[in-house]
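Everything below concerns the one structure shown next.
A short reminder: the numbers here are calculations on the coordinates, not readings from a lab. This structure is a prediction, so every number in the text was calculated from the model and none was measured. Glycine gets a Cβ as well: all are built from the backbone with ideal geometry, and neighbour counts include every protein chain shown.
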Amino acid sequence: MQLILASSSRYRREMLERLGIPFNAVSPDVDETPRADETPTALALRLSLAKALAVAPAYPGALIIGSDQVATMDGSPIGKPGNFDRALSQLEQLSGQTVEFHSALCVSDGQRHEVADIVTLCRFRRLSTDEIVSYLHREQPFDTAGSAKAESLGIALMESMQSDDPTAIIGLPLIALCRMLRSFGINPLTHPTQHHPFVPGQS
């Protein structure tokens, strides 16, 4: 069974490569605009399913992985900063606060879909402006919601992290994914290993 990652994210590709399963990555064409009164959980789950279904018609018979992450503080969404100034403002706001990261996952064969939302609670340390500026210059996390890459130096911004899956914060919850893959007949522990490069494409 062909495995497709419906994502253009290099972080998700790197995470999936950990399992050693052959896959191709295809960029989905999905409008990620939240709906009125949509909760963070509902948004993340809807987009993960939408990404999988956007790619599925071009790959009949394949197993498609869709994923989306929504960060919130006090119920308000936190987006990707995009540049230094917005990242600085974002981290100043998050200093000393707890952020919820909803990492939603969908695995679909085009007929059956399995979905899950893995929540990670990140408590940010009280950060000085010097710490924030130094971090931003060193890591430039402008494409990351919350302006913190927890898989690298961003972990130094944290006071604590709580989750059932330590990989969820990076954007692809591997524990849940392995469970879903097994339900579709792919066991990462016994599957032949091989890495496939990114293949650009649209649904």
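What to note about this one:
- Cβ-based exposure ranking for Val133, Val70, in which fewest neighbours within 10 Å come first: Val133, Val70
- Taking the longest Cα principal axis of the chain as reference, the axis of helix 40-55 is set at about 40 degrees.
- Since only Ser160, Ser147, Pro192 are under comparison, the one whose Cα sits farthest along the positive direction of the charge dipole of region 137-197, derived from C-beta charges on Lys, Arg, Asp and Glu, is Pro192.
- Residues Asp85 and Arg10, FRET efficiency given R0 of 30 Å [Cβ-Cβ distance, rounded to 0.05]: 0.80
- Among Arg179, Arg13, sorting on how many other beta-carbon atoms sit within 10 Å of each Cβ, with the fewest leading, yields Arg179, Arg13.
- Ranking of Val99, Val55 by count of other Cβ atoms within 10 Å, fewest first: Val99, Val55
- Annotation: amide H of Phe23 within the under-5 Å range of His196, sequence separation 5 or more or interchain, hydrogens built in the peptide plane.
- Helix-only [θ]222 nm of the chain, DSSP H runs n ≥ 4, -39500 (n - 2.57) each, per residue, nearest 500: -8500 deg cm²/dmol
- J(HN,Hα) series, region 115-127, from Karplus relation 6.51 cos²θ - 1.76 cosθ + 1.60, nearest Hz, glycine and proline x: 10, 7, 10, 9, 9, 10, 9, 10, 9, 7, 5, 6, 9
- Length-normalised contact order of the chain in % [C-alpha pairs under 8 Å, at least 6 apart]: 27
- Furthest towards positive pole of dipole, Pro60, Leu47, Gln111, structure part region 47-173, Cβ charges: Pro60
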